[in-house]
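In what follows, a single structure is set out as structure tokens and then discussed.
Taken together, the values in this text are just the output of simple stated rules run on the coordinates, not laboratory data. Please read these numbers as outputs of a predicted model, since none were measured by experiment. All Cβ positions, even for glycine, are placed from backbone atoms using ideal geometry, and neighbour counts span all protein chains on display.
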Amino acid sequence: MSSALPRSDSIASAHDELDEQAPSRLYHIYRKPFHRHYEIKSIDDQTLYYGDISLWTINKPDIILHAGNSDKGPVVAVSKFPKFSGPYLLGLGNPDDMNAQYEDMTRESPLKMKYRFEMTLPSKIGDPNGERRSFLWKHTRHVKVDDSPSFQFAGRNYKLVDERTGQLMAVFTGERFSSKCGTLQIRGEYGEAFDRMVLVSCVSLYERARRNNRSAAGGGGGGGA
């Protein structure tokens, strides 16, 4: 599979093996300056998830994803960042619930943005235990969200691929100079848990990059833009 895709490619056209009839969902991700939370909205501007950001509280997840438009909604996913090296810890469900499920997201390359996580998806062959699949987040300069006008923020454009097949599963196209971080498009129907795992992992990578950029600029990890 060629890595030199035309710059005009979108998620629908980038990979021939991708079923263009598969359902596709768009999530618009916002973070207002001086606010310590993300808002994840539908295409009709309904807030679906509220991503609370924690900076200083020991043992508290760095990202807590609530269903709904505030931190009063039920916790549906969390992310704990590595202190230095090591994996991100991604959780589906509320950490206070014994049924919460956790997965590691590991950096696969020290020089490139390539992060890997696994999760169990519903099995196509009817296995009640589901099917373990592995996925890779990578930087992209060649694939963007359908109908996105341009590659506005190339440093924070990501794509998610199935590690075994190379199939494109999702793409995040960043935006610059606004409270909108970007748009995430997920292709295929793998259940609500998959969408939430993609969301919390994508927001985690974006937030960690934001903190690193602020630290490099001498601004620390505070609550600004």
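For region 76-168, what percent of Cα pairs sit more than 15 Å apart? Write out the running numbers ahead of the final one.
Values: 2999 of 4278 pairs.
Cα-Cα pairs in region 76-168 separated by more than 15 Å: 70 percent.
Working from the alpha-carbon coordinates of region 24-216, get Rg over Rh, Rh being the Kirkwood radius. Spell out each step's value before the answer.
On the way: Rg = 15.8 Å, Rh = 17.0 Å.
Result: Rg/Rh = 0.93.
Could you give the dipole magnitude of region 32-147 about its Cα centre, charging the beta-carbon of Lys and Arg +1 and that of Asp and Glu -1, in debye to the nearest 20?
Roughly 620 debye, rounded to the nearest 20.
Return Tyr102, Tyr30, Tyr115 ranked ascending by Cβ neighbour count within 10 Å, so the fewest neighbours appear first. Don't skip to the answer; put the middle values down first.
Working: Tyr102 12, Tyr30 18, Tyr115 22.
Least to most surrounded, the residues fall as Tyr102, Tyr30, Tyr115.
Quick one: P(r) of region 49-125 from all Cα-Cα pairs, 5 Å bins, percents rounded to integers, in order of increasing distance.
Histogram of Cα-Cα distances, whole percents per bin: 3, 15, 20, 22, 18, 13, 6, 2, 0, 0.
Determine, for Arg141, Arg187, the number of other Cβ atoms within 10 Å of each Cβ, and report the residues in order from fewest to most.
Least crowded to most crowded, the residues run Arg141, Arg187.
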